[in-house]
Amino acid sequence: MKSEKRAKPKIGVFKFASCDGCQLTLLDAEEDLLAVAQAVEIAYFPEASRRMRKGPFDIALVEGSITTHHDAQRIHQIRRASKLLVTIGACATSGGIQALRNWQDAGEMARVVYARPSYISTLKLSTPIAEHVEVDYELRGCPIQKGQLLELLSALLAGRKPNVPTYSVCVECKRRGSVCVMVAQGIPCLGPVTQAGCGAICPAYNRGCYGCFGPMESPNTTALSDHFRILGQTPTQIQHAWRGMNAWAWEFRKASEEVKVP
């Protein structure tokens, strides 16, 4: 008796408000992506193919933040059509750089930028996917790291927990033998509170970490703000340090709002 051929798991890749960088990381996997493509059916991926197949999907990879009413409706449709929903990148996990508008009047910004702001329909806030639907896994980064993406996909297909680090960028600095820029040169650095994933690129080139991978597990943001003051940073500079591509991540958001700017 001939055994039935098992259907490949279906993957859908979806985009909301973002720069497409995290989707491009998937395409940049090149040969590794071919191995993934053999194990799954990439059924929906507008960035890479004109062929669009409908769900249900076994895994949905979602890039971007929710910024419009249409976005808010669409993410619920994707959630209903997906067994597992994975957010990829800073926009999807913490609102992205566009979440900086959350401290401003979005309507006023539209009036300044656009000749006809009446055509612009947007939500007041730019928010992460998890504020709208249940998320099964988050993959941090701006953009995400290729190795972590492949690890996550491999783990999900194998039915195991993804092995993605939750420790800080400082660990990566030590592993590559970099001298701490904050201790040795007095350069403000978010490395002590930022989740690893980038390989500590910026400190390796004598620049402080910008927090691209968002807050690590249990970050001591208060102590780091205090140390920035010792380094001579003004309240405005400290607040700006927390308000980058992961500004709406709760730990960074709280740290920035605790800074008293004159």
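Only the coordinates and a few stated rules stand behind these numbers; no lab work does. Small disclaimer: the values here were computed from a predicted structure and weren't measured. A quick note on method: Cβ atoms are made from the backbone with ideal geometry, for glycine too, and the neighbour counts reach across all protein chains shown.
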field: Segment Lys54-Val183, length gained on full extension (0.36 nm per residue, minus Cα span)
entry: 41.1 nm
- prompt: What share of all Cα pairs of the range 169-258, in percent, falls into each consecutive 10 Å distance bin?
  reply: 19, 54, 26, 1
message: What distance in nm lies between label points placed 7 Å from Cα along the C-beta direction at Ala115 and Asp28?
response: 3.6 nm
query: List the GluC sites (Glu not before Pro) in the range 125-234 that DSSP assigns to loop (not H, G, I, E or B) and whose Cβ has at most 12 other Cβ atoms within 10 Å. Which are they?
result: Glu134, Glu217
query: Sorted from largest down, what three extents in whole angstroms do the Cα atoms of the chain have along their principal axes?
result: 75, 53, 27
- request: Work out which helices of the chain, taken as complete DSSP H runs, extend at least 15 Å along their axis over the Cα atoms and score a mean Kyte-Doolittle of 0.5 or more, then list them.
  value: 146-158
query: Name the chymotrypsin sites (Phe, Trp or Tyr not before Pro) in the range 78-149 that are in a loop by DSSP and that have at most 16 other C-beta atoms within 10 Å, would you?
result: Tyr114
Computed lengthening from Arg175 to Asn206, 0.36 nm per intervening residue step minus Cα-Cα distance: 9.6 nm
message: For a quick check of your reading of the filter: which chymotrypsin sites (Phe, Trp or Tyr not before Pro) in the range 156-262 sit in a DSSP loop and have no more than 16 other Cβ atoms within 10 Å?
response: Tyr167, Tyr205
